[in-house]
Amino acid sequence: MSTGNIPGGPTIVLVHGAFADASSWNGVIELLQQQGYTVIAPPNPLRGVTADSAYIASLLNQIDGPVLLVGHSYGGAVISNAATSAPNVTGLVYVAAFAPDEGENLGDVENGSKDSVLNAALVQYSYPAGPGGQTAIEFAINPARIQEAFAADLPPQVTALMAATQRPVAAAAFSDVCGPPAWKKLPSWAVVASGDKAAGADVVRSHAQRAGADIVEVEGSHVIMISQPQTVADHIVKAAQAVAAAHR
C-alpha cells in the first residue's frame, strides 16, 4: 500500500476502540491531513485482542514506509500487540487508551479501576460464532448511560447518535491474554483524559506511566479525540515529528 506523505513523515494509522468506528477519528483526521500527513483509519473488528491485532498487523505490513500507530481505548491493547509483528511501526500513541503488559487481560485491568463506571453500563448480547448454532457474547453500552459512562463532555444529541450507531465488542476483547507489548521497544506518547469514566483515568494514566510515554493530561471524557480533536492531533504531530527526526 503506497502512500503519499510529507517528506520524512510517517503514515499515521488511527485504530478506534470498542463501541465505536473509524468515524470517531474524523476531527483528528481532518487536522492531520491539513498538515500534510497521510492518515489511515481502518476498521477494528472488535472480536478480541488476538484476532483484531492480527488484522491490524496485516494492514500495517502492507503500508510502504514508517508508521506511527495510534490507538483509542481498547485500540491501545490492539496496537500494543499488532506492532510487535509490524517492523515498520516507529512509535505508538495512546489516546485514553489501555497499554497492557504481557499476560494481562482487559477484564482484570478494568476491575482494578476506581474511576471507571463502564461495567455497570454494559448490556449483553450474543452473536453467531460457529457451525451448529454456536454463539458467543458481546457487549454494548446501555443508551441511557452512554453520556455518563463514555462521553460526558459531548452534547446529548451527539451521544444519542453515538448510542444508535455503536458497534458492540466481543467478550474476547476483555478475556484475551495480551502478548509482549510493543511499548517495551518503541517510543510512546499518551493523551490522558482526567474525566475518563470508561477505561478509567486512573488505569489510563498508570498504563501510560508504565510505558514511559510522553504524557499530556487534559480535562475531558473518554472520547477526548471527539471533544478536543486539536489537543489530540497536536500530540500525534509531536510524536510524528519525533519519530521522523529519529529516523532521518
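The values are calculated or read from the model by the stated rules, or taken from the named source; none is laboratory data. Since the structure is predicted, the reported quantities are computational estimates derived from the model, not experimental observations. Every residue, glycine as well, gets a Cβ built from its backbone with ideal geometry; the counts of neighbours run over all protein chains shown. We work out accessible area using only protein heavy atoms, side chains counted, and drop any ligands, DNA or RNA first. Shrake-Rupley method; radii C 1.70, N 1.55, O 1.52, S 1.80 Å.
With every protein chain kept in place and ligands, DNA and RNA left out, what is the accessible area per residue of the chain? Probe 1.4 Å, answer in Å². Walk me through the numbers on the way to the answer.
Working: 10000 Å² over 248 residues.
Accessible area per residue, the chain: 40 Å².
Give me the distance in nm between label points sitting 7 Å out from Cα along the Cα-to-Cβ direction at A22 and V216, one decimal.
Calculated label separation equals 2.4 nm.
Tell me the net charge near N81. Cut-off is 10 Å between Cβ atoms, N81 excluded, with +1 for each Lys or Arg and -1 for each Asp or Glu.
-3
Can you give me the Rg/Rh ratio for the range 1-123, using Cα atoms for both radii and the Kirkwood formula for Rh?
A ratio of 0.99.
With a cut-off of 8 Å between alpha carbons and a minimum separation of six or more residues, what is the relative contact order of the range 1-116 in percent?
Computed over the range 1-116, the figure is 26 percent.
For the range 83-184, take N as its residue count and report Rg(C-alpha) divided by 2.2 N^0.38 Å.
The value comes to 1.27.
Computed over the Cα atoms of the range 69-110, what is the convex hull's projected area averaged over all directions, in nm²?
2.8
If I compute solvent accessible area with a 1.4 Å probe over the protein chains, what percent of it on the chain is carbon and sulfur? Can you show the working numbers first?
Working: 5370 of 10000 Å².
Within the chain, the accessible surface is 54 percent carbon and sulfur.
Report the percentage of all Cα-Cα pairs in the range 123-248 whose separation exceeds 16 Å, rounded to a whole percent.
Of the Cα pairs, 71 percent sit more than 16 Å apart.
Mind checking the angle between helix 229-246 and the chain's longest principal axis? C-alpha axes, 0 to 90 degrees, to the nearest 10.
With rounding to tens, the tilt is 40 degrees.
Using 0.36 nm per residue of separation minus the Cα-Cα distance, give me the extension gain between V123 and Q62 in nm, one decimal.
So the extension gain works out to 18.3 nm.
Would you kindly give the portion of the calculated P(r) for the chain that falls above 28 Å, as a percent of all Cα pairs?
Pairs farther apart than 28 Å: 25 percent.
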